[in-house]
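Written out below as structure tokens is the structure these notes cover.
Since every read-out is calculated from the coordinates, none of them should be taken as a lab result. For clarity, every value in this text was computed on a predicted model and none was experimentally measured. Every residue, glycine among them, receives a Cβ derived from its backbone with ideal geometry; neighbour counts consider all protein chains shown.
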Ligand code: 5AD
Ligand code: SF4
């Protein structure tokens, strides 16, 4: 059904007098409810306006009990930031009285929290929307929503409008706190509700959260990205860089420690830019880590780093160890200075190697992992080989590897995507072979050693075996009593595989790792 047919069918009602601008085509006349479509162009503009902090999130009385007798289901795609946003949305649903369910058949509201980073991530979402259509036809009262990064793209919103009339709500990454209003609109009007703010500089504290488990927790330290690497859609979908105030982060981590959480993952698209936007204080990631390391929680990690902003003070603080773990995820993307230049990464191969040298000198036990893109426009065989040689030279122990995927609206999408898919695939295979070999080699070095493992639960493959991660994020499987789940234990490694270790349980670690 196209939009004209939808209009005729009564799903969308015409609205006159609206001045909303919609990019490709003006759909606003069809709506009388919320209609704020996205614009990547607007999202690109970075204003000087002050960041506003809101401490007063609360659910309007009008919406109390909205979820009584109703269930919600959220499917999450993409990065840990999205996973954490899902925890916030689950918190909002729960505050509204909804109950969670893990099957779509049972749900009264289904949300797809989407990822826009590569085309195949987007295709999965469109496929899922197709699968959900029969459910919507069977149960017209079911609400289906699309949120996350894809909803920030006007091409996606237009495609949903044209082709996926099973969708009731589209809302953006800056509109999560508006979920109660969006649901309310969707129930009241039964027309497609679209609310995507393209420019948002605010930080909202005190959002409710239902965390996934009680052992490890995600904590946002900043939002957005101003780096504008030429291939990346994130600066457009997540807005400008804005940091949470240190006291809010410290308080959240203290609270999690008091609740018994054992590991914190600090989150940001580019955590090394933390604090750059503060006008009143000089306080950066190194300062934050220095404050957090005094909190009584055994493990603190952060992701994701940008090599460009990785400063000496941060290295100095990380070298103090304690609960600051000696595993750093440091995306390099390419080993060729020429490719790095057209990616606008703002460092060269030499700078990157220099940084690695500094980190290794300060933290000799450090484990480094990375992200790599192959087949970027114009990448020659020699330039790709530079990536392989850099990988070896650094001694990375793991990498997330990707074939370049042009994203509409990014500068790289205007370059000719001139590397044939067979070549891209062949490069990816060669890179993955190296990645596997180097992981297996790193794993072998653990044979016979004792490692500290934070026990997360049963192994996925065998319920009689427990599984957890070491400080360097290596998966360890071993047999032990179930009451050690949630604790840090010593395990002696008996066998090293490419991506995991098998071991024998020794005992619970008593030591208090916190530095004062
Ligand atoms: N194509 C392929 N990979 C990409 N990434 C980001 N944008 C793209 C793209 N357009 C990768 C980068 C980044 C990781 C999260 O995803 O390696 O670090
Ligand atoms: Fe994307 Fe680059 Fe920002 Fe990472 S630093 S989110 S790759 S623009």
Amide N of region 287-302 lying under 11 Å from the label point, which is placed 7 angstrom from the Cα of residue 94 along Cα→Cβ:
none
Crossing angle, helix 179-189 versus the chain [Cα axis fit, 0-90 degrees, rounded to tens]
30 degrees
If you find the alpha carbon centre of region 448-467 and of region 72-106, how far apart are they in angstrom?
27 Å
Residue-averaged [θ]222 nm for the chain, counting only DSSP H segments that reach four residues, each worth -39500 (n - 2.57):
-9500 deg cm²/dmol
Give me 163, 103, 370 sorted ascending by neighbouring Cβ count inside 10 Å, so fewest comes first.
103, 163, 370
Against the longest alpha carbon principal axis of the chain, how many degrees, from 0 to 90 and to the nearest 10, is the axis of helix 349-362 turned?
60 degrees
Relative contact order for the chain: what is it in percent, counting Cα pairs under 8 Å that are at least 6 residues apart?
11 percent
For Cα pairs less than 8 Å apart in space and 6+ apart in sequence, what is the mean separation divided by the residue count of region 212-324, i.e. the relative contact order in percent?
28 percent
Rounded, prolate or oblate for the chain? Axes are the square roots of the Cα gyration tensor eigenvalues, ordered a ≥ b ≥ c, and the cut-off for rounded is a/c under 1.5.
prolate
At 7 Å along the Cα-to-beta-carbon direction for both residue 187 and residue 206, put a label point, then send me their distance in nm to one decimal.
2.3 nm
Would you mind checking region 364-384 for residues with the amide N under 17 Å from a putative spin-label position 7 Å along Cα→C-beta of residue 423?
373-384
Distance between modelled label sites at residue 57 and residue 255, nm, 7 Å Cα→Cβ extension:
1.0 nm
Protection proxy ranking of 408-414, 154-160 - average other beta-carbon atoms within 10 Å, highest first:
154-160, 408-414
Please report the relative contact order for region 450-508, taking Cα pairs under 8 Å with a sequence separation of at least 6, and give it as a percent rounded to a whole number.
33 percent
Cα axis of helix 119-138 to longest principal axis of the chain: angle in degrees, 0 to 90, nearest 10?
50 degrees
For residue 490 and residue 133, extending 7 Å from Cα along the Cα-Cβ vector and measuring point to point gives, in nm, a value of 6.0 nm
Quick check: Cα centre of region 333-387 to Cα centre of region 280-323, how many Å?
22 Å
Run the paramagnetic zone check for residue 46: 7 angstrom along Cα to Cβ, then residues of region 209-245 with backbone nitrogen under 16 Å.
222-244
